[in-house]
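Novice: Next up is a structure, given as structure tokens.
All of the numbers you see were taken from the coordinates with simple rules; none came from a lab. Source: prediction; values computed, not measured. Every residue, glycine as well, gets a Cβ built from its backbone with ideal geometry; the counts of neighbours run over all protein chains shown.
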């Protein structure tokens, strides 16, 4: 089970990563994040992130007026969003590499633990 605090810090980057594959609307984003194994992301967490990304210029929106049902707000990456994703992914991967190194027992620790 994941710690909800972990997702909160990296959710903007993950949203950008999902949008790299193409535009989608909010509910579709939550389904794709869940399908990636990140658990349920509630709208109360997702929509403020999308609003901040839009305000930052990383995401653009478009309204779709279907012939039936409610209008949908679609989100897509902007060029600035692509740059933000690349930079953020590099920083995140470097961070997790260092964290994994600290969390992974060394060979000597594993040998010391053997009875």
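Novice: How many nm separate the modelled label positions at residue 91 and residue 65, each set 7 Å beyond the Cα in the direction of the Cβ?
Specialist: My value for the distance between the label points is 4.0 nm.
Novice: Average projected area of the Cα convex hull of the stretch 1-107, in nm²? Could the numbers behind the result be given before it?
Specialist: Values: hull surface 32.4 nm².
Here the figure is 8.1 nm², rounded to one decimal.
Novice: Specify the angular offset, from 0 to 90 degrees and rounded to the nearest 10, of the alpha carbon long axis of helix 79-103 from the longest principal axis of the alpha carbons in the chain.
Specialist: 20 degrees
Novice: Between 0 and 90 degrees, rounded to the nearest ten: what's the tilt of helix 43-55 against the longest Cα principal axis of the chain?
Specialist: It works out to around 70 degrees.
Novice: Go through 9-15, 69-75 and give me the packing order, highest mean Cβ count within 10 Å leading. It would help to have the intermediate numbers written out before the result.
Specialist: Numbers: 9-15: 18.0, 69-75: 13.3.
The peptides rank, most packed first, as 9-15, 69-75.
Novice: Here's another thing I want to ask about it. Which value in deg cm²/dmol, rounded to the nearest 500, describes the helix-derived mean residue ellipticity at 222 nm for the chain, given -39,500 (n - 2.57) per DSSP H run of n ≥ 4 and division by the residue count?
Specialist: Values: 5 runs with 69 residues, N = 115.
It lands at -19500 deg cm²/dmol.
Novice: On a 0 to 90° scale, report how tilted helix 4-19 is relative to the longest principal axis of the chain, with both axes built from alpha carbons and the result rounded to the nearest 10.
Specialist: 50 degrees
Novice: For the peptides 54-66, 92-104, what is the packing order when you average, over each peptide's residues, the other Cβ atoms within 10 Å and list the highest mean first?
Specialist: Most protected by this proxy first, the peptides run 54-66, 92-104.
Novice: If you don't mind, there's one more thing I want to ask. Mark the label point 7 Å from the Cα of residue 103 along Cα→Cβ and return the residues of the stretch 2-35 whose backbone N is within less than 16 Å of it.
Specialist: Taking a point 7 Å out along Cα→Cβ of residue 103, the residues of the stretch 2-35 whose backbone N falls under 16 Å are 2-11.
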